[in-house]
Each structure stands twice: as structure tokens, then as C-alpha cells.
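I have placed the structure first, in the form of C-alpha cells, so that the comments after it can refer back to it.
Where a number appears in this text, it was derived from the coordinates with a stated rule and is not lab data. Bear in mind the structure is a predicted one, so any value in this text is a computation, not a measurement. Methodologically, a virtual Cβ is constructed for each residue, glycine included, from the backbone with ideal geometry; neighbour enumeration extends over all protein chains shown.
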Amino acid sequence: QVQLVESGGGLVQPGGSLRLSCVGSGITLSDRTVDWYRQAPGKRRQLVANIRSGGRTTYADSVKDRFTISRDNAKNTVFLQMDNLKPEDEDNYLCHIIYNWRDYWGQGTQVTVSS
């Protein structure tokens, strides 16, 4: 059974940092593209960053130079390092993959940016 479990969210002041983790089970994350999305209540889900199986990464313009996506294959985990957080980064962050033509999502981890 394929599962994705996110963690690492929390409350942080503007300018602070958080590192989110997405742990996979039932699947090898390094074999496929892993996406980080974010979504606020009532708003459209936005792609934040992804990492392909070959290691290539892409970022939304709004997070370039502040967020870094990476992978630890031994731990079957994908990370999202978020630095210089802004109030507009406050959202629920979700991990996503496509496997056998099906979308898999984690439950999400909430990031709150507030002073």
C-alpha cells in the first residue's frame, strides 16, 4: 500500500525557517517525481517544488531562492527546506506522487507564519 506522510510544519515567525519531510512507504520515492504542493482553505492547490527521479528540481517563482527540495534515498524521504518564510507562505503543505496513473497525497502538514 502506497502511503505518503508529511511532517515538520508548525508556527514560525516571518524570516524563520522550517524543514518539511515526506516519507514514503510501499513505494521508492527516488524512482519518480515527488511534488510539494500547498493549499489554503478555499483556494486552489499550488505546486511549490518538485524533484525528478534524475534529481532535477523545479520551483514556483514565489519560492525560488528561499525553498530547497532534496531527497534522502536511504530514508525514502523528500525534504522541503523553507527559509526566509513570509506570511504568504502560510498554508497546508502536501506531498504528491503519481504511481500507476493514480495520484497519491499525504495528509498534509500545516505551516503558520506569524509574529
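Pairs are defined by a Cβ separation below 8 Å, a sequence spacing of at least 6 or placement on different chains, a first member in region 23-37 that is without any contact (Cβ under 8 Å) to a residue 40 or more places away in the chain, and a second member that is among the polar types (S, T, N, Q) and in a strand (DSSP E or B); the pairs so defined are 26/3. Tallying residues that are on the phi < 0 side of the Ramachandran plot and not aliphatic (A, V, I, L, M) within region 2-15 yields 6.
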